[in-house]
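Shown next, in structure tokens, is the structure this report addresses.
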Amino acid sequence: MSTTFRITFLGTSAAVPTVRRNVSATLVAYQDLKWLIDCGEGTQRQIMRTGAGFKNLTHIVLSHEHLDHILGIGGLLATFNMLLPVSQVTVFGSPATLERVRQLASFIGRSLQYKLHLQPIEQGLVFSHRQLECYAFPTRHRLKRSYGFIFQEKPKRRFLAEVAERLGIPAGPERRRLLAGESVQSPTGRWVHPDEVLAPPVPGKKLVYISDTLYFPELSTYAAEADCLIAEATFLSSDAELAAEVGHMTAAQAATVARDAGAKRLYLNHLSQRYAQAEHLILEEARHIFPDTHLASDLLTVEV
């Protein structure tokens, strides 16, 4: 089975780093594009530790403006200014988040040698890249605006080369045009339409990322049929009252989202240091509701 997304967890701790876990950041690769989801302190060093490098890292999507999710961006943008691995970078986030990014970037100290775009987002389409679309959806943290993200690959249709051969369409530009949705004329003068040589569409892969938020049932709607769901699980159910007070989910609530969404796989993220010696309890609580649950850990790479 071919890989659509390659996901590397760079930071999986809530609020503050620990000896084993850095603060929030996740690196995702799709085709020739790499992007970050959040950029906590120390993110650029975590990227270096993975060996992934900075090439093609042109998109950064930020869930909200809390510092454990954005403080690393100033240093990362400064490094980009020295190494110039890309010619432009677009940072997506709420207006409040982008204002903090603007302030951090102002400390770089010299003119930027690449184009930096700060793109405000609302609910809906954030960016598209070939066969990929990124959407933002609202979450409920302690802020006016915070977001989760859906990364949806467009449906795929396999080209039926044997049918094209039978219809007299030679290999080359005509087949590429059919694959792109255009009708072409065969050497015999017959018009051949895309539906004649394309198999029925197969749904693309779906990756959903839920950052800091209270639990609410609509989260399962956004995560519906996700091939991979990454969700915050800051607390255990024994601390559910505190979780609600500070705008976070429990492991059981994250698992409930996955179960109700019909997700295929769940990774628990944004773990509180208070459970550093009892992380197995987080996993057990979630697996009781959604068996295909895994704990995210720093530098873990998974493929979808």
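The values are calculated or read from the model by the stated rules, or taken from the named source; none is laboratory data. Here the structure is a predicted model, which is why all the values come from computation and not from measurement. Counting neighbours? That spans all protein chains shown, and the Cβs are built from the backbone with ideal geometry, glycine included.
Per-structure values
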| item | result |
| --- | --- |
| Some residue of region 185-206 being surrounded by 14 or more Cβ atoms within 10 Å (Cβ to Cβ) and among the aromatic types (Phe, Trp, Tyr) | no |
| Residue list for region 162-175, filter: free of Cβ contacts under 8 Å to residues at least 24 places away in the same chain and either surrounded by 15 or more Cβ atoms within 10 Å (Cβ to Cβ) or not in a loop (DSSP other than H, G, I, E, B) (or both) | GLU162, GLU165, ARG166, PRO173, GLU174, ARG175 |
| Lone qualifier among ARG45, ARG21, ARG49, ARG100 - being over 22 Å from ILE230 (Cβ atoms), among the basic types (Lys, Arg), modelled with pLDDT of 95 or more and not in a strand (DSSP E or B) | ARG100 |
| Residue list for region 62-100, filter: more than 20 Å from GLU122 (Cα to Cα) and of a type in the set (Ser, Thr, Tyr) | THR79, SER87 |
| Long-range neighbours under 8 Å by Cβ, at least six apart or interchain, first residue among the polar types (S, T, N, Q) within region 90-109, second in a helix (DSSP H, G or I) | THR97/ILE70 |
| Flag for TYR275 being among the aromatic types (Phe, Trp, Tyr) and crowded, with 23+ Cβ neighbours inside 10 Å | no |
| Lone unmet requirement of (1) surrounded by 14 or more Cβ atoms within 10 Å (Cβ to Cβ); (2) outside the structural domain of PHE216 (by TED's automatic domain parsing); (3) not β-branched (Val, Ile, Thr) for GLY93 | (2) |
| THR50 vs. criteria β-branched (Val, Ile, Thr), farther than 17 Å from ASN22 by Cα and surrounded by fewer than 19 Cβ atoms within 10 Å (Cβ to Cβ) | no |
| Any pair with Cβ under 7 angstrom, 6 or more apart, that starts in region 268-296 at a residue that is free of Cβ contacts under 8 Å to residues at least 40 places away in the same chain and ends at one that is of a type in the set (Ser, Thr, Tyr) and not in a loop (DSSP other than H, G, I, E, B) | LEU268/THR293; LEU283/THR293; ARG287/THR293; ILE289/THR256; HIS294/TYR267 |
| Region 29-51, residues that are more than 19 Å from VAL89 (Cβ to Cβ) and either without any contact (Cβ under 8 Å) to a residue 40 or more places away in the chain or small (Gly, Ala, Ser) (or both) | GLY51 |
| Pairs where the first residue, in region 119-135, is within 17 Å of LEU36 (Cβ to Cβ) and the second is surrounded by 14 or more Cβ atoms within 10 Å (Cβ to Cβ) and among the acidic types (Asp, Glu), C-beta under 7 Å, 6+ apart | LEU132/GLU153 |
| Where a residue in region 12-28 is in the same structural domain as GLY40 (by TED's automatic domain parsing) and on the phi > 0 side of the Ramachandran plot and its partner, wherever it lies, is in a loop (DSSP other than H, G, I, E, B) and surrounded by fewer than 17 Cβ atoms within 10 Å (Cβ to Cβ), with Cβ under 8 Å and at least six apart | none |
| Residues being surrounded by 17 or more Cβ atoms within 10 Å (Cβ to Cβ) and either outside any helix (DSSP H, G or I) or of a type in the set (Val, Ile, Thr) (or both) - total across region 61-90 | 12 |
| Residue list for region 121-156, restricted to those being assigned to a strand (DSSP E or B) and exposed (fewer than 14 other Cβ atoms within 10 Å of the Cβ) | GLY124, LEU125, SER128 |
| Residues of region 176-210 that turn out to be more than 28 Å from the chain's Cα centre (by Cα) and assigned to a strand (DSSP E or B), as a count | 5 |
